[in-house]
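Below is one structure, written out as structure tokens; the observations come after it.
The values are calculated or read from the model by the stated rules, or taken from the named source; none is laboratory data. Source: prediction; values computed, not measured. Quick reminder, even Gly has a Cβ in these numbers, built from the backbone with ideal geometry, and neighbours come from all protein chains shown.
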Amino acid sequence: MATETRATIYDVAAEAGVSITTVSRFLNSSDNVKETTGSRIARAMEKLDYVPQGNAGARANRAVGRIGVLTPFFPAPSFVERLRGMIPPLKQKNYEVVVYTIEGPEQLDEYLTSVPFTRRIDGLILMSVRLTAEQHRILKASGLHVVLIESDDENFSRGLADDYRGGQLAAELFMAKDYLPSCFLGEKVTNISYGCHPSETRLAGFKEYLIRNGKTLPESMIIESEITVEDSRRMFGEFLDRGHRPRSLFAMCDIQAMGAIKAARDRGIRIPEELAVLGFDDIEAADWMEVSSISQHLGDSGRIAAGILLDLINGRAESIQKVNLQVKIVERSTT
């Protein structure tokens with residue numbers, strides 16, 4: 001009888017009485033598994049009607065190459081702008097991009113351990129993904145070329161923005177313009193353990209610069225919201241309604257900055273005369289809406305990641321590379 005839920009690699013491993021790594025190794029090359037173990041796995045797959053994610057097929061059998069992109073934050077504006085940066089150099093080399101959205105830790109494990117999935121692609125870019133030690137081992141064993149964005153993981157080549165320095169730049173700007181006291185709008189803690197959350201690093205840089213220059217940022221001036229305009233608007237509005245009147249706001253990202261601006265304007269607070277607002281990321285919408293921001297060169301990070309991956313695929317790079325992207329302030333009408 002057909003089941004409503006498709007069998008996973010975990011189900012196969014449990015049915016065969018082996019680890020998911022052994023199942024993955026069997027799918028990659030059955031010769032790497034003992035014959036008796038392989039037979040158990042094959043029987044389990046047949047019994048469960050297991051269909052691995054992706055379509056197997058070597059690059060030699062395809063006219064167009066494929067690069068996989070994994071992210072838990074699709075379709076966040078920062079993801080889209082990084083994607084825009086990586087597509088042109090990949091397209092020029094006749095590679096298409098396949099996006100895989102991670103909606104839970106089990107799905108991330110399924111992607112990384114289903115080796116036919118890795119066979120379907122020629123390289124993998126992980127965007128804002130934090131890996132466990134076991135996932136490191138599985139990816140290394142797969143032999144797939146991997147590049148990370150926004151995750152400072154020494155096991156793989158990666159491109160990083162200096163979030164700490166970005167926080168320092170925000171504090172430096174506010175002090176230079178006498179925009180104190182200030183507050184910080186950060187990311188609400190979530191249960192996405194496999195995602196990168198740079199909010200704490202940006203806040204740390206912001207606080208460090210203030211303290212070093214004889215200023216402070218009390219805990220009461222730190223707000224958290226989800227990464228949406230509406231939740232940022234609600235949380236900052238409640239903060240203002242409690243009687244707080246900061247001279248400036250540093251938001252963890254541009255989306256939150258936009259929500260905070262809406263909340264301030266709802267209450268007749270003038271931007272920037274009474275409240276200066278600075279975001280982070282410098283997404284395209286920040287330019288449209290004249291929001292000042294810390295630019296982390298999103299398009300460049302995508303382009304650089306694609307370039308590193310192409311070098312790895314074509315044997316032009318062997319050692320692990322780490323590229324640090326410098327951040328800068330882009331001032332517009334909100335500061």
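Here are some notes:
- Helices (runs of 4 or more DSSP H) contained in the range 171-290 and holding at least 2 residues farther than 20 Å from V327 by Cα and not charged (D, E, K, R): 229-241, 254-266
- When G243 is tested against the conditions (1) surrounded by 15 or more Cβ atoms within 10 Å (Cβ to Cβ); (2) without any contact (Cβ under 8 Å) to a residue 24 or more places away in the chain, the lone failure is (1).
- If only residues of the range 141-186 that are among the basic types (K, R) and under 20 Å from the mean Cα position of the chain (by Cα) are counted, the one that is nearest to R82 (Cα to Cα) is R158.
- Residues that are at pLDDT 60 or above and under 30 Å from N94 (Cβ atoms) within the range 37-72 comprise V64, G65, R66, I67, G68, V69, L70, T71, P72, listed in sequence order.
- Flag for E290 being in contact with a helix residue (DSSP H, G or I) (Cβ under 9 Å, 6 or more places away or on another chain) and surrounded by fewer than 19 Cβ atoms within 10 Å (Cβ to Cβ): no
- Selection status of G167, touching a residue at least 40 places away in the same chain (Cβ under 8 Å) and assigned by TED's automatic domain parsing to the domain that holds D282: yes
- Check on N324, closer than 20 Å to L124 by Cα and more than 21 Å from the chain's Cα centre (by Cα): no
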